[in-house]
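K.L.:
Here it is, the structure, as structure tokens.
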Amino acid sequence: MAFLSEYGLFLAKTLTLVLAFGALILMLVSSRHPKSRKGELVISDLSAELEQTRTRLRESLAGKQERKQLEKQQKERNKQRSKQGDERRRLFVMDFHGSMDAREVASLREEVSAVIGVAQPGDEVLLRLESGGGVVHGYGLAASQLQRLRDRQITLTVAIDKVAASGGYMMACVADRILAAPFAIVGSIGVIAQLPNFNKLLKKHDIEFEMHTAGQYKRTITMFGENDESGREKFREELGAIHEQFKGFVAAHRPALDIDKVTTGEHWLAGQARELGLVDELCTSDDYLLRRAEERRVVGLCFQKPKSLTQKLGQQGAQGLVQGLERLWQQSPWR
């Protein structure tokens, strides 16, 4: 028992010390290197990363003489580019992993604005899109951000590796070209709304619910009140109006589609979606990048919001806990 007591005390002291030390470091770093509260644009040279990976693999597989030749060729290419600059057209790569509320649109708008500010004729944007859809206004704004690129004649390609459904496809259809991995899920061009109703449960427990509105259709259906058929009908009418706008949006961007056939709310695998005209090519984003990297300079863009002090402390605390447990394990008699 004495050993367990000392063991627990040592653990508590270790965790306290690690957390306090981590908090102090974060405060010092934050005060010396203040960041924009808005966030920052992280830029990565994907061309250089791809070329470096290829070169390292070739060198590791080559013989001594061939390795020297490859190193010489690489140095010559680097020297040439440093003198003349990389004059290839750019391919800007962005990622959008959409949530239900499409909160990622805040970063997307910053990335789009950055590209518009530097884009030259012939440049292209590749958006790696993954989303099952969500709220109408959020994904409508996300699609509008992509439309800003099209309005400035910047070629937009969307790659779907896993899923682009509902609001996700609303974004995808803005593109000049849509790529999809063979088993990606595409479509679901429809509108859905659902909510529970607790009115009978409230009545069972003699709980009254009151709701007062000004305007006949200010609230059509409710979770706690008693819904009537006129309210339900108005709600379905509103959903139908949104669906018609969704259909019109897709039809405007993909005029060759049989719009009534593909807007039933169904989803398809990419192979079927290609036959229907929802997708242009079966291809993963990785294959497309490798292909385009042969002739373009590939630049990755990612707008990152700064983490709050609480998030930093939480991350630092988790790392400290792992390190503390590792030290305890090293000193443990059970090891």
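K.L.:
Run through the stretch 153-205 and list the chymotrypsin sites (Phe, Trp or Tyr not before Pro) located in a DSSP loop whose Cβ has at most 16 other Cβ atoms within 10 Å.
P.N.:
Answer in residue order: 183, 198.
K.L.:
Do any trypsin sites (Lys or Arg not before Pro) in the stretch 146-205 lie in a loop, going by DSSP, with at most 13 other beta-carbon atoms within 10 Å of their beta carbon, and if so which? Could you put the intermediate results ahead of the total?
P.N.:
Working: sites: 148, 150, 152, 162, 177, 200, 203, 204; in loops: 152.
Qualifying residues, ordered by number: 152.
K.L.:
Could you tell me how far the Cα centroid of the stretch 156-195 sits from the Cα centroid of the stretch 202-255, in Å?
P.N.:
26
K.L.:
Any aspartates and glutamates with Cα under 16 Å of the residue 305 Cα? List them, leaving off those in the same chain fewer than 8 positions away.
P.N.:
Cα-Cα hits under 16 Å: 40, 95, 104, 110, 111.
A short reminder: the numbers here are calculations on the coordinates, not readings from a lab. Since this is a predicted model, take the numbers as computed values, not measurements. We place every Cβ from the backbone using ideal geometry, glycine too, and count neighbours over all the protein chains shown.
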